[in-house]
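The values are calculated or read from the model by the stated rules, or taken from the named source; none is laboratory data. All values reported here derive from a predicted model rather than from experimental measurement. Note that we place each Cβ from the backbone using ideal geometry, even for glycine, and neighbour counts take in every protein chain shown. Surface areas here come from the heavy atoms of the whole protein model, side chains and all, with no ligands, DNA or RNA. Shrake-Rupley method; radii C 1.70, N 1.55, O 1.52, S 1.80 Å.
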Amino acid sequence: MSKTKIEFTRENQDYVLEFTADSLKKMEKRGVNFNTIQEDVVNAPTELFSGLFIEHHDEVPEDLRVEIFHEFAEVEDGETLEAVMIDMLGEAIEELRQHKGNVKWRVRK
């Protein structure tokens, strides 16, 4: 499965933003509650956008992440950033649910 990424250049710095299983785990450790994120209409968009930096650009300060978030325009096809981030979140959650090992196991009762 090909994962969705957001790519852009700002002030001569290239960025690749994505969610991964690892970045979602880090977001939870930093206090993001994915169970209630859709209810938090004020903070959720910036929390998700900030989380997109974790995989490749975690050194970017939080205030700069928020500044970049507010500079984003809608993409050419009219899709909103929030909708794209929700789709990306779903992809990463699916990645978390996939088992990658080859260990055979069984249940006995």
Leu52 - would you say it is surrounded by 11 or more Cβ atoms within 10 Å (Cβ to Cβ), of a type outside the set (Ser, Thr, Tyr), touching a strand residue (DSSP E or B) at 6+ places or on another chain (Cβ under 8 Å) and touching a residue at least 40 places away in the same chain (Cβ under 8 Å)? yes
Which count do you get for residues in segment 58-72 that are free of Cβ contacts under 8 Å to residues at least 12 places away in the same chain and open to solvent by 80 Å² or more (accessible area, probe 1.4 Å)? 4
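Results for (1) in a helix (DSSP H, G or I); (2) modelled with pLDDT under 90; (3) of a type in the set (Asp, Glu); (4) touching a strand residue (DSSP E or B) at 6+ places or on another chain (Cβ under 9 Å), shown as yes or no for each residue.
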| position | (1), (2), (3), (4) |
| --- | --- |
| Glu7 | no, no, yes, yes |
| Asn33 | no, yes, no, no |
| Gln38 | yes, yes, no, no |
| Ala83 | yes, yes, no, no |
How many residues are outside any helix (DSSP H, G or I) and over 23 Å from Ser2 (Cα atoms) if we restrict to segment 20-31? 2
With the first residue restricted to segment 21-33 and required to be closer than 12 Å to Ile54 by Cα, and the second required to be small (Gly, Ala, Ser) and at pLDDT 95 or above, Cβ contacts under 6 Å at 6 or more apart or on different chains are Met27/Gly51
Taking the condition of being open to solvent by 60 Å² or more (accessible area, probe 1.4 Å), farther than 18 Å from Leu24 by Cβ and hydrophobic (A, V, I, L, M, F, W, C), how many residues in segment 73-97 meet it? 2
Looking at Val103 and the list (1) modelled with pLDDT under 95; (2) at positive phi, which single condition is not satisfied? (2)
Which condition from (1) at pLDDT 95 or above; (2) within 17 Å of Ala92 (Cα to Cα) is the one that Asn12 breaks? (2)
